[in-house]
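Below is one structure, written out as structure tokens, with a few remarks after it.
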Amino acid sequence: MTSPIASRGRVGSFLDRWRPILPLLGAEAIIWIGFGAIVPILPLYMSDNGVDPVTLGLIVAAWPAARLLAEPFFGWVADRTARIPFMVAGLLIASVTAVLPLVFVGALPFFAARFVAGIGAAMYDPAARGFIVDATDDARHGEAFGVYGAAQMGGFMVGPAIGGIGAAVLGLWFPFVFATVAGLAAALAVAVATREPAHTHAPHGVELPPADGAPGLATPPPIVGDGVPTRTVYLPPRSLWNRMLVAAIVINFGAFFSSGMYEVVWSLFMEGLGADLGLIGLSFAVFGVPVILLSPAAGRWVDRLGGRRFIIVGAACVVTSAFLYPLPGDPYVVTAIVVLEAVGFALMGPALYAVVSWGSPAGRSSTAQGVFGAAGTLGFIVSSLIAGELWTRGTAVPFQVFGAVMLVTTLLALAIGRSRLDGEDPSLMVQIPVDPGPGGTQGSALLPAIEPAAAGFPTPTSDRGGPLKEMR
């Protein structure tokens, strides 16, 4: 039996480790409670208002289409400005638009509301993920995004149950109002409790002393706000074209292909099997349990072992579940299969985010996150647009198509990334002057562009690669 003192010690250690991002984790949980409440009801509400499956696919595609157009730009802007105002503005936009389908009814108003909500999400997401990269240590990026994913799925586990029960008791209007209230609460939490990282460092940028008279690695790094002038090193945009980031982008396209597909057809599929609103909500909520339980641990394993094996095992679970869904014909068995898919995403998600953080060039963390997110958004759009048509050809067809797409994109990404999926890319490191002290030889050190907080510290190390080598 675990003693209360040991339990308090673990809780205290967790709070100390993640203190810089705790408010953001809380906000994420709130956001996903609201998002989860609306997702299972949205297709049913629109169908009740005369929207056919093909048009429903177009409406669902409006949200990711807006993200595809806006997310890379907003990621680029977030690398050059304070991220918190960006995050708050995005949440406010998404919150207000969540309730608009109750006021303006029809295919065109539904499309417009979803598009504007996508703009809000495009402002928030790359800034939030870049914030996490900057506020956490390089050796813990995988674990940080595992905790981040657990916070999201904690909200998503609760949200569908709230939305399903509320819709069954009060009416289909309830989830939309609830989502708006949750979004406003998250915006308030980010605005009041979140603080910009003390170092505006990479992947956001490499903080170095002025060009004249740079001290050696033994000197503590300059801290923004201490009155010490610094210059930020940015690798050129072409540095985004590297094996790690490209591989992650390819897999993200396939992974988000499921999001668009399921958002259009999942509730219709479950309803056709005889599920009521409560069970439909439960099928969404079940997805969150394995992610909450496994994502933080998976992130720690990724930090120690690299991402490739977790991507392989996770993708295998996801592909297998896609082909299994149409077989049982029973909504309860189908809900159980959801657990297998969730385990896959719990393993694969932290690995992908870690690979993106490793592959983010200096000064380009939010930009890299924006491009990564845009690839997933593109997958969402394509699947949303074709899901309705695939549904008319047979209820099993959308799942089979997604399974095939996920398999192909995973194999392609593994061929592109290869061993780079297990650690930093040397080509994304920054060479800076080193003063070894009296009697030494002037040289230079290779510091990772993805973790320039190490600039100025004694020889930085990596859990994956050991000490970073000095270049003479």
Self-check item: Only one of Gly359, Gly314 that is without any contact (Cβ under 8 Å) to a residue 40 or more places away in the chain and either surrounded by 23 or more Cβ atoms within 10 Å (Cβ to Cβ) or not assigned by TED's automatic domain parsing to the domain that holds Trp241 (or both)
Solution: Gly314
Exercise. Report whether or not Arg129 is among the charged types (D, E, K, R), part of a helix (DSSP H, G or I) and surrounded by 24 or more Cβ atoms within 10 Å (Cβ to Cβ).
Key: yes
Quiz item: Counting only residues that are surrounded by 16 or more Cβ atoms within 10 Å (Cβ to Cβ) and without any contact (Cβ under 8 Å) to a residue 40 or more places away in the chain, how many does segment 322-339 have?
Solution: 2
Practice problem: Just give me the residues in segment 136-153 being surrounded by fewer than 20 Cβ atoms within 10 Å (Cβ to Cβ) and in a helix (DSSP H, G or I), in sequence order. | Solution: Ala139, Arg140
Quiz item: When both residues are 6+ apart or on different chains and their Cβ atoms are under 7 Å apart, which pairs have a first residue that lies in segment 95-120 and is more than 11 Å from Phe176 (Cβ to Cβ) and assigned by TED's automatic domain parsing to the domain that holds Pro175, and a second that is among the charged types (D, E, K, R) and assigned to a helix (DSSP H, G or I)?
Solution: Gly118/Arg67
Quiz prompt | Ser295 vs. criteria assigned to a helix (DSSP H, G or I), polar (S, T, N, Q) and more than 24 Å from Leu390 (Cα to Cα) | solution = yes
Quiz prompt | Criterion (under 15 Å from the mean Cα position of the chain (by Cα) and among the hydrophobic types (A, V, I, L, M, F, W, C)) met by exactly one of Ala351, Ala336 | solution = Ala351
Exercise. Could you please find all residues in segment 389-428 being modelled with pLDDT under 85 and buried (at least 23 other Cβ atoms within 10 Å of the Cβ)?
Key: Arg420, Leu421, Leu428
Exercise. Determine the pairs where a residue that is in a loop (DSSP other than H, G, I, E, B), located within segment 390-419, has a partner that is surrounded by fewer than 22 Cβ atoms within 10 Å (Cβ to Cβ) with Cβ atoms under 7 Å apart, the partner being 6 or more residues away or on another chain.
Key: Thr395/Gly272; Thr395/Pro326; Ala396/Pro326
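The values are calculated or read from the model by the stated rules, or taken from the named source; none is laboratory data. Small disclaimer: the values here were computed from a predicted structure and weren't measured. Because the Cβ atoms are built from the backbone with ideal geometry, glycine has one as well, and the counts that use them run over all protein chains shown.
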